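Here, each number is a calculation from the coordinates, and none is a lab measurement. What you see is a predicted model, and the numbers here were worked out from it, not measured in a lab. Quick reminder, even Gly has a Cβ in these numbers, built from the backbone with ideal geometry, and neighbours come from all protein chains shown.
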Amino acid sequence: MKVKIILDANFLITLFEIPKIDIYSEVNRIIENKNYELIVPSFIFEELEKLFADGKEKLKNKIELALKFARSLKETKFELNENEKIDDAIIRAAKQLNAIVATNDKELRRKLRKKEIPVIFVRQKSHLVLEGYI
């Protein structure tokens, strides 16, 4: 069975802030069957594009790289519900797809733990960690 991993905007940008992390080798290390699919919900593309448009010059390059990387992955059509926050949409998508969420957002990680949704995050700016059970 293919493991689905949802990447949020924060995580995608972090990949380019810490270039020594190779997402593919790290995910291969932590996902036992190595049969996985990296997914970017459509609302994450919208968030990245908004961050790029509104962003500080210093971050724009990393956001642009994150967008290019995200475009190389599978985009999954997920729309935000009216007045829905992005964190809530990520949780909804993770439940619907039975997916792991890759994020470094502490508040989102806390919410995901409460819902027993597995999380991948960067630890010590050097490697990825899986928290929870697949």
Looking at (1) in a helix (DSSP H, G or I); (2) under 19 Å from Lys2 (Cα atoms); (3) touching a residue at least 60 places away in the same chain (Cβ under 8 Å); (4) not hydroxyl-bearing (Ser, Thr, Tyr), which is the one condition that is false for Gln96?
(3)
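Condition first: touching a residue at least 40 places away in the same chain (Cβ under 8 Å) and among the aliphatic types (A, V, I, L, M). Now tell me which residues in region 99-112 satisfy that.
So in region 99-112, the residues touching a residue at least 40 places away in the same chain (Cβ under 8 Å) come out as 99-105, 108.
Ala99, Ile100, Val101, Ala102, Leu108, listed by residue number.
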Got at least one residue in region 90-113 being in contact with a Pro (Cβ under 8 Å, 6 or more places away or on another chain), under 26 Å from Glu32 (Cα atoms), surrounded by fewer than 17 Cβ atoms within 10 Å (Cβ to Cβ) and of a type in the set (Gly, Ala, Ser)?
no
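Can you tell me which residue in region 116-134 is nearest to the chain's Cα centre (by Cα), limited to those that are without any contact (Cβ under 8 Å) to a residue 40 or more places away in the chain and either in a strand (DSSP E or B) or surrounded by 11 or more Cβ atoms within 10 Å (Cβ to Cβ) (or both)? Quick ask: steps written out before the conclusion?
Looking only at region 116-134, we keep the residues that are without any contact (Cβ under 8 Å) to a residue 40 or more places away in the chain, and these are 116-119, 123-124, 131-133.
Now drop any that are not either in a strand (DSSP E or B) or surrounded by 11 or more Cβ atoms within 10 Å (Cβ to Cβ) (or both), which leaves 117-119, 123, 131-132.
Working: Ile117: 13, Pro118: 12, Val119: 9, Arg123: 15, Glu131: 14, Gly132: 16 Å.
Taking the candidates together, the pick is Val119.
Sort out which residues of region 105-134 are of a type in the set (S, T, N, Q) and at positive phi, and write them in order of number. Steps first, please.
Step one: filter region 105-134 for residues of a type in the set (S, T, N, Q), giving 124, 126.
Of everything in region 105-134, just one residue is of a type in the set (S, T, N, Q) and at positive phi, namely Gln124.
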